Amino acid sequence: MTLRVLLIDDHAVVREGLRALLASSPGLSIVGEAASLATALTLLRSASPDVVLLDLSLPDARGVAAVTAVRKAARDVAVVVLSMHDEEAHQRAARDAGADAYVVKGASIDAIVAALREVSALPVGEPSVRPALSPREREVLAAIADGHSNPVIAELLGVSPKTVETHRAHLMEKLGVRSVASLVRVAVRLGYLKP
């Protein structure tokens with residue numbers, strides 16, 4: 001199965017380099033490129049990627065706002081952030097916004113390919129029956145699918161961010177997944193979320 005990748009970076013030279021390197025990796029296909037969030041959102045509908053490789057510095061979306069927008073537009077597409085910032089705070093913010101993986105610019109192409117493959121892989125141990133979810137877990141699941149970060153979900157539900165993290169971990173364990181994209185895909189398949 002070929003993994004369909006959408007590249008989103010405002011620097012043409014970066015996109016060209018990534019395209020050339022990723023195109024040489026077996027099983028990967030670049031289905032589109034975008035230099036802005038607006039173009040990316042259009043391509044998400046027309047190119048039907050499996051995974052997005054996303055730079056956080058776009059002319060029309062700065063920081064994790066781009067992750068949130070992509071997640072809302074295509075919640076079943078995996079998101080790998082490619083950023084020049086290697087601080088833990090940046091990585092945590094991206095994951096809270098819905099990114100499935102975070103790779104620092106300057107990483108090897110092997111590391112980038114590994115991240116793309118990991119987040120798009122079929123879930124391990126995906127349940128064949130519907131595990132019971134508590135009402136609160138269903139609320140957290142719906143908020144995650146809507147692209148909300150842990151702090152935002154905590155505020156919406158009137159609980160602590162730590163409580164949201166715990167519910168998120170329980171959901172992933174119950175549904176046998178390791179990424180937000182896989183969580184949403186399995187939740188849709190099992191009928192917890194509407195497609």
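Every read-out reported here was derived from the displayed coordinates using simple, explicitly stated rules and does not represent laboratory data. Because the structure is a prediction, the values reported are computed rather than measured. All Cβ positions, even for glycine, are placed from backbone atoms using ideal geometry, and neighbour counts span all protein chains on display.
The fraction of Cα-Cα pairs per 5 angstrom bin, counted from 0 for region 1-116, comes to 2, 13, 26, 27, 21, 9, 1 percent, rounded to whole percents.
With the biggest extent put first, the Cα atoms of region 135-189 measure 28, 19, 18 Å across the principal axes.
Overall dimensions of the chain, expressed as equivalent-ellipsoid semi-axes from the Cα gyration tensor (√(5λ), whole Å, largest first), are 28, 19, 15.
Structure remark: mean-square fluctuation, Gaussian network model of the chain, C-alpha springs under 10 Å; the largest value among L43, L156, L56 belongs to L156. A simple spin-label model places pseudo-atoms 7 Å from Cα toward Cβ; at V159 and D76 they are separated by 2.7 nm. Residues K72, K174, K162 in ascending order of nearby Cβ atoms (within 10 Å, fewest first): K162, K72, K174.
Per residue, the convex hull spanned by the Cα atoms of region 85-193 measures out at 93 cubic angstrom.
Rg/Rh, computed from the Cα trace of region 35-92 with Rh as the Kirkwood radius, has the value 0.95. When the Cα centres of region 5-57 and region 132-170 are compared, how far apart do they sit, in Å? Here the two parts' Cα centres lie 30 Å apart.
Skipping prolines and chain starts, which residues have an amide H placed within reach, meaning under 5 Å, of the one on V103, given they are 5 or more residues away or on another chain? Placed amide hydrogens put V81, L82, S83 under 5 Å from V103.
Can you tell me the length gained on complete extension of the stretch L21 to K105, counting 0.36 nm per residue apart and subtracting the Cα distance?
28.9 nm
Annotation note: GluC sites (Glu not before Pro) in region 1-96 located in DSSP loop regions with a Cβ neighbour count of at most 12 within 10 Å are E87. Please identify the DSSP H helices in the chain that span no less than 20 Å along the helix axis (Cα) and have a mean Kyte-Doolittle hydropathy of -1.0 or more. Membrane-span-like by this criterion, though nothing is claimed about a membrane: 161-175.
Of the candidates D50, D86, D146, which one comes out as most mobile in a Gaussian network treatment of the chain with C-alpha springs shorter than 10 Å? For the chain, modelled as a Gaussian network with Cα springs under 10 Å, the answer is D86.
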